[in-house]
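Student: Questions regarding the structure given below will be posed in turn.
The values are calculated or read from the model by the stated rules, or taken from the named source; none is laboratory data. From a predicted model like this one, the values you see are computed outputs, not experimental measurements. Positions of Cβ are backbone-derived with ideal geometry, glycine not excepted, and every protein chain shown enters the neighbour counts.
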Ligand code: GKR
Ligand code: MG
């Protein structure tokens with residue numbers, strides 16, 4: 001039986017294009033932390049998570065406290081995390097993620113790493129430890145963004161500009177051609193709702209067989225949300241976070257046939273009861289990075305099944321260790337019936353050796369090797385860590401970055 005002998009947490013930075021959203025624009029580099037858990041018999045398990053300074057400090061505190069833990073004692077791991085962090089401190093992770101209690105966010109990469117070790121010890125993929133594979137190929141969606149042609153003062157990327165419907169359709173065309181996606185999500189909340197409705201209609205005309213979604217990250221008032229919903233009924237499979245809060249979502253849900261999805265107003269177990277009571281949300285977007293890892297995400301799936309809610313999967317900018325974990329989770333979750341979100345096509349650098357997580361027909365085949373089934377590229381880890389050290393970014397802040405170029409910018413939440 002293996003025990004934890006040590007943990008190394010390595011912050012890394014990878015190039016990220018200027019993708020626009022309701023709170024601003026992605027900075028030139030996105031941050032992630034790689035968590036490597038080593039056992040006394042030489043196995044190494046991998047986890048990936050956010051990497052702002054405050055989170056790194058919490059990860060570091062837990063890393064020291066887990067030494068000696070039996071790698072099968074996931075309940076013990078959670079107790080340690082709760083003991084180390086104590087109660088009652090909220091935490092923000094940049095972008096739009098803020099939680100009342102960071103325990104599940106901190107738990108996640110350690111839990112994934114221990115499952116990776118368990119799988120390696122047993123010679124079984126992580127999906128087998130989560131109940132077995134129900135779908136060997138996991139469908140993902142094309143995740144479209146309005147975007148600038150380049151970060152100001154830097155060289156452009158190969159995607160070019162997308163600031164109108166034509167640009168969005170061209171971006172979708174490339175995503176679909178290169179990755180085979182059969183579902184398409186547009187990140188909205190950037191332009192006036194009419195312009196974004198027009199973009200969805202242009203996508204529907206260009207991709208009549210594809211499932212579509214739009215996610216303005218709570219940019220609209222409830223009445224605007226109802227108006228948008230009415231014009232998109234029949235065209236999209238769900239409307240994601242049109243307006244902030246469980247109350248606002250419930251108000252919209254009462255007035256549209258469209259299912260409402262969220263990764264903003266239901267992001268922790270405490271939020272489920274009020275959301276269910278208000279019938280605010282018909283689809284929950286799970287995300288193992290803040291729902292406490294893979295097994296607690298399975299618990300969320302069970303709760304969604306119990307209350308008749310659909311289940312999809314949320315993504316932030318991420319690398320291959322996260323994609324592997326997402327794929328194992330989705331492969332082993334029977335009621336995760338929508339294509340999962342992923343930012344993966346936007347990255348040009350990774351921590352893992354290529355060849356295991358390729359998209360074919362829009363899907364990633366669940367890796368068959370033991371554990372997560374991915375291998376670190378040690379040179380790339382070193383390179384991306386150096387990039388972290390030199391890039392100067394220590395936490396995600398899309399708003400301040402956009403304000404550097406447009407000092408009058410203010411986040412659009414519930415403005416329209
Ligand atoms: O990467 O800009 C982004 C997204 O807007 C991300 O931060 C969101 O968390 O993808 C996310 C979402 O579905 O809301
Ligand atoms: Mg969302």
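Student: Can you tell me which condition residue 401 does not meet? The list is (1) assigned to a loop (DSSP other than H, G, I, E, B); (2) over 13 Å from residue 31 (Cα atoms), and all the others hold.
Tutor: The number of the failed condition is (1).
Student: Moving to a separate point now. What is the number of the single condition among (1) out of contact with any helix residue (DSSP H, G or I) (no Cβ under 6 Å at 6 or more places or on another chain); (2) free of Cβ contacts under 8 Å to residues at least 60 places away in the same chain; (3) not in a loop (DSSP other than H, G, I, E, B) that residue 89 does not meet?
Tutor: (3)
This table checks each residue for (1) more than 16 Å from ligand 1 (Cβ to nearest atom); (2) surrounded by 20 or more Cβ atoms within 10 Å (Cβ to Cβ); (3) assigned to a loop (DSSP other than H, G, I, E, B).
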| residue | (1), (2), (3) |
| --- | --- |
| 31 | no, yes, no |
| 37 | yes, yes, no |
| 51 | no, yes, yes |
| 54 | yes, no, no |
| 79 | yes, no, no |
| 84 | yes, no, no |
| 96 | no, yes, yes |
| 108 | no, yes, no |
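Student: A further question follows. Tell me yes or no: at least one residue of segment 110-132 is over 30 Å from residue 9 (Cβ atoms) and not in a helix (DSSP H, G or I).
Tutor: Within segment 110-132, the first condition is being over 30 Å from residue 9 (Cβ atoms), and the residues that meet it are 132.
Pick out the ones that are also not in a helix (DSSP H, G or I) and you get 132.
Checked against the condition, which is being over 30 Å from residue 9 (Cβ atoms) and not in a helix (DSSP H, G or I), segment 110-132 yields at least one hit.
Student: I'd like the residue in segment 233-245 that is within 16 Å of ligand 1 (Cβ to nearest atom) and in contact with a helix residue (DSSP H, G or I) (Cβ under 9 Å, 6 or more places away or on another chain) and, out of all such residues, is farthest from residue 204 (Cα to Cα). It would help to see each step written out before you state the result.
Tutor: Within segment 233-245, the first condition is being within 16 Å of ligand 1 (Cβ to nearest atom), and the residues that meet it are 236-245.
This time we only want the ones that are in contact with a helix residue (DSSP H, G or I) (Cβ under 9 Å, 6 or more places away or on another chain), so: 236, 239, 241-243.
On the way: 236: 8, 239: 14, 241: 20, 242: 19, 243: 23 Å.
Checked segment 233-245; the qualifying residue farthest from residue 204 (Cα to Cα) is 243.
Student: Which members of segment 276-294 meet the condition of being in contact with a helix residue (DSSP H, G or I) (Cβ under 8 Å, 6 or more places away or on another chain), in a helix (DSSP H, G or I) and surrounded by fewer than 20 Cβ atoms within 10 Å (Cβ to Cβ)?
Tutor: Passing the criteria: only 278.
Student: Filter segment 256-275 for residues that are surrounded by 16 or more Cβ atoms within 10 Å (Cβ to Cβ), part of a loop (DSSP other than H, G, I, E, B) and either within 14 Å of ligand 1 (Cβ to nearest atom) or without any contact (Cβ under 8 Å) to a residue 60 or more places away in the chain (or both) and give the result.
Tutor: 256, 258, 259, 263, 264, 265, 266, 267
Student: Also, quick follow-up: Can you pull out the residues in segment 227-241 that are outside any loop (DSSP other than H, G, I, E, B) and within 26 Å of the chain's Cα centre (by Cα)? Steps first, please.
Tutor: Just the residues of segment 227-241 that are outside any loop (DSSP other than H, G, I, E, B), to begin with: 227-232, 238-240.
Within segment 227-241, 228, 229, 232, 238, 239, 240 qualify.
Student: If you don't mind, there's one more thing I want to ask. Which condition number in (1) surrounded by 23 or more Cβ atoms within 10 Å (Cβ to Cβ); (2) away from ligand 2 (no atom under 16 Å from the Cβ); (3) assigned to a helix (DSSP H, G or I) is the one that residue 326 fails?
Tutor: For residue 326, the exception is condition (2).
Student: Go over the candidates 207, 191, 269 one by one and state the one that is touching a strand residue (DSSP E or B) at 6+ places or on another chain (Cβ under 7 Å) and away from ligand 2 (no atom under 16 Å from the Cβ).
Tutor: Values: 191 fails: touching a strand residue (DSSP E or B) at 6+ places or on another chain (Cβ under 7 Å); 269 fails: touching a strand residue (DSSP E or B) at 6+ places or on another chain (Cβ under 7 Å).
207 is the lone residue from the list that is touching a strand residue (DSSP E or B) at 6+ places or on another chain (Cβ under 7 Å) and away from ligand 2 (no atom under 16 Å from the Cβ).
Student: Out of 79, 124, 135, I need the residue that is farther than 18 Å from residue 329 by Cα and at pLDDT 95 or above. Which one? If you could, list the steps in order and put the result at the bottom.
Tutor: Working: 124 fails: farther than 18 Å from residue 329 by Cα; 135 fails: farther than 18 Å from residue 329 by Cα.
Result: 79 is the single residue among 79, 124, 135 that is farther than 18 Å from residue 329 by Cα and at pLDDT 95 or above.
Student: Out of the residues in segment 218-241 that are surrounded by fewer than 24 Cβ atoms within 10 Å (Cβ to Cβ) and touching a residue at least 60 places away in the same chain (Cβ under 8 Å), which is nearest to ligand 2 (Cβ to nearest atom)?
Tutor: 238
Student: Take the residues in segment 354-364 that are surrounded by fewer than 17 Cβ atoms within 10 Å (Cβ to Cβ) and in contact (Cβ under 8 Å) with a residue 24 or more places away in the chain, then tell me which one is nearest to residue 121 (Cα to Cα). Spell out the reasoning first.
Tutor: Taking segment 354-364 first, the residues surrounded by fewer than 17 Cβ atoms within 10 Å (Cβ to Cβ) are 354-355, 358, 360-361.
Next cut, in contact (Cβ under 8 Å) with a residue 24 or more places away in the chain only: 360-361.
Numbers: 360: 29, 361: 32 Å.
Result: 360.
Student: Restrict the check to segment 300-308 and report whether at least one residue is within 13 Å of ligand 2 (Cβ to nearest atom), surrounded by 22 or more Cβ atoms within 10 Å (Cβ to Cβ) and at pLDDT 95 or above. Walk me through how you get there before you give the answer.
Tutor: At the first step, the residues of segment 300-308 found to be within 13 Å of ligand 2 (Cβ to nearest atom) are none.
Checking segment 300-308: not a single residue is within 13 Å of ligand 2 (Cβ to nearest atom), surrounded by 22 or more Cβ atoms within 10 Å (Cβ to Cβ) and at pLDDT 95 or above.
Student: Which ones in segment 133-142 are outside any loop (DSSP other than H, G, I, E, B) and surrounded by 24 or more Cβ atoms within 10 Å (Cβ to Cβ)?
Tutor: Matches in segment 133-142: 138, 140, 142.
Student: Tell me which of these residue 373 doesn't satisfy, since it passes every other one: (1) at pLDDT 95 or above; (2) under 18 Å from the mean Cα position of the chain (by Cα); (3) part of a loop (DSSP other than H, G, I, E, B); (4) within 22 Å of residue 180 (Cβ to Cβ).
Tutor: (2)
Student: Would you point out the residue of segment 170-187, among those that are without any contact (Cβ under 8 Å) to a residue 60 or more places away in the chain and within 16 Å of ligand 2 (Cβ to nearest atom), that is surrounded by the most Cβ atoms within 10 Å (Cβ to Cβ)?
Tutor: 184
Student: Then there's this: Give segment 217-232 a look and list any residue that's on the phi < 0 side of the Ramachandran plot, within 15 Å of ligand 1 (Cβ to nearest atom) and out of contact with any helix residue (DSSP H, G or I) (no Cβ under 7 Å at 6 or more places or on another chain), or say none.
Tutor: 219
Student: Among the residues of segment 242-255 satisfying the criterion of being assigned to a helix (DSSP H, G or I) and away from ligand 2 (no atom under 14 Å from the Cβ), which is nearest to residue 193 (Cα to Cα)? Walk me through how you get there before you give the answer.
Tutor: We begin by selecting, within segment 242-255, every residue assigned to a helix (DSSP H, G or I); these are 246-253.
So of that shortlist, the ones also away from ligand 2 (no atom under 14 Å from the Cβ) come out as 246-248, 250-253.
Values: 246: 21, 247: 21, 248: 17, 250: 20, 251: 18, 252: 15, 253: 18 Å.
Filtering first and then ranking leaves 252.
Student: While we're here: Within segment 1-29, how many residues are within 16 Å of ligand 2 (Cβ to nearest atom), in a strand (DSSP E or B) and on the phi < 0 side of the Ramachandran plot?
Tutor: Residues in segment 1-29 being within 16 Å of ligand 2 (Cβ to nearest atom), in a strand (DSSP E or B) and on the phi < 0 side of the Ramachandran plot: 3 in total.
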